[in-house]
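The values are calculated or read from the model by the stated rules, or taken from the named source; none is laboratory data. Remember, predicted model here, so these are calculated numbers, not experimental data. Please note: Cβ atoms are built from the backbone with ideal geometry, for glycine as well, and neighbour counts cover all protein chains shown. We work out accessible area using only protein heavy atoms, side chains counted, and drop any ligands, DNA or RNA first. Shrake-Rupley method; radii C 1.70, N 1.55, O 1.52, S 1.80 Å.
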Amino acid sequence: MVVRNPRMCYDIEKSNEKGWIPVAEIDVIFQQFRSASREQVRLPLAVRIFFSGEAAPEQARELESYLKRRVRSVMELLLQEDELPKLEQLAGAGWLTPGLVEDGLDMAVCLKKTEGFVWLMKWKAENYGFADRDFTL
């Protein structure tokens, strides 16, 4: 996926498999995040930097603040890209509420992301249970 901004271009798929991004590249991506005005550009950049774990503390705080206000959008992006380890990080950080998990399940069904759906069902079972359902025979 190539994200284009009138002033800058950046190929998001340049990162390696482990998600490590050189510090100089983090700074460039962070500046692109700050200068972008469209959410379709900002969100993937913010997710990429935030989950790399390589952002400077002040960058990480700004990104966390930005992403926490858009948890549903972040979850949708991670489901679309089959990024279950990042979704697990999001859940482990305490960002997923029971309502968000339900929304995520709906998104996974709409996006036809079976693995994401199964992971969210497992997360729901382990953390919140199914109090709204009776499974007795």
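Within the set Glu126, Glu76, Glu64, Glu115, the sole residue that is assigned to a helix (DSSP H, G or I), closer than 22 Å to Arg34 by Cβ and open to solvent by 30 Å² or more (accessible area, probe 1.4 Å) turns out to be Glu64.
The residue of segment 14-35 that is most open to solvent (accessible area, probe 1.4 Å), among those that are within 16 Å of Ala56 (Cα to Cα) and modelled with pLDDT under 75, is Trp20.
Would you say Ile49 is buried (at least 16 other Cβ atoms within 10 Å of the Cβ) and under 13 Å from the mean Cα position of the chain (by Cα)? Judged against the criteria, Ile49 is a match.
Screening Val101 against (1) under 15 Å from Lys124 (Cα atoms); (2) of a type in the set (Val, Ile, Thr); (3) surrounded by fewer than 15 Cβ atoms within 10 Å (Cβ to Cβ) leaves a single unmet condition, (3).
Taking the criterion of being among the small types (Gly, Ala, Ser) and without any contact (Cβ under 8 Å) to a residue 24 or more places away in the chain, the only residue of segment 98-122 that qualifies is Gly99.
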